[in-house]
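J.: One structure is given below, represented as structure tokens, and several questions about it will come after.
The values are calculated or read from the model by the stated rules, or taken from the named source; none is laboratory data. Being a predicted model, the structure only gives us computed values, none of them experimental. Counting neighbours? That spans all protein chains shown, and the Cβs are built from the backbone with ideal geometry, glycine included. The area values use the complete protein model at the heavy-atom level, side chains included, leaving out ligands, DNA and RNA. Shrake-Rupley method; radii C 1.70, N 1.55, O 1.52, S 1.80 Å.
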Amino acid sequence: SGARRRTSALQALLELGLVHPTCYGRTEAAQFVVRRCTDLSASRERRFVLVCIAALRRAAQTVVWNACDLQTLAAEVLGEECRQLLSTGFVDHCVAALREVASSVRACDKAVAATVAALGDIAIMSASDELAGKAI
């Protein structure tokens, strides 16, 4: 099906593009991932969402010349998508991806800040949901 092909193509990009030997290739792959992996909470395809979470994580970790802006953008998109996915079964995957980004992009303060903010929001929203559930 078209959905399966799209997910497979993204998986191939994740495996090949984000570790491309040239700076240009890695930059293009990371930028494509950032553009493509948005509005994940609307997706009905579990595998596609998981591949996107992994791809955004890798994009945020991409090492290219002057990488901080690209890493920050990818970290921001990952964080925002994870906030939107909070009420789904993907939150553990998101938290793991965000934690890995936070520990691996230390040279880029903006990307770390975006990641930490997302983790903080997820922790607060999760605690709020838990408290609301107990109050009912």
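J.: The range 58-133: percent of C-alpha pairs farther apart than 21 Å?
T.: The answer is 25 percent, as a whole percent.
J.: So what is the calculated 222 nm ellipticity per residue for the chain, using -39500 (n - 2.57) for each DSSP H run with n of 4 or more, over all residues, to the nearest 500 deg cm²/dmol?
T.: For the chain, the value works out to -25000 deg cm²/dmol.
J.: If you don't mind, there's one more thing I want to ask. Kindly report the accessible area of the range 74-113 per residue (heavy atoms of protein chains, probe 1.4 Å, no ligands, DNA or RNA), in Å².
T.: 50 Å²
J.: For helix 91-104, report the angle its Cα long axis makes with the longest principal axis of the Cα atoms of the chain; keep it between 0 and 90° and round to the nearest 10°.
T.: Once rounded, one gets 50 degrees.
J.: Roughly what angle does helix 68-84 make with the longest principal axis of the chain, taking Cα atoms, 0 to 90 degrees, to the nearest 10?
T.: The angle comes out at about 30 degrees.
J.: Of all accessible surface on the chain at a 1.4 Å probe, what whole percent is carbon and sulfur?
T.: 57 percent
J.: Another question about this same structure. Quick one: angle between helix 2-16 and the longest Cα principal axis of the chain, in degrees between 0 and 90, rounded to 10, please.
T.: Long axis of 2-16 versus the principal axis of the chain: about 60 degrees.
J.: If all Cα-Cα distances of the range 19-81 are sorted into 5 Å bins from 0 onward, what percent lands in each bin, rounded to whole numbers?
T.: Calculated P(r), rounded to whole percents: 4, 21, 31, 22, 12, 7, 2, 0.
J.: Next up: Near ALA67, within a Cβ-to-Cβ distance under 15 Å, what is the net charge of the other residues, with Lys and Arg +1 and Asp and Glu -1?
T.: With Lys, Arg at +1 and Asp, Glu at -1, the net is +1.
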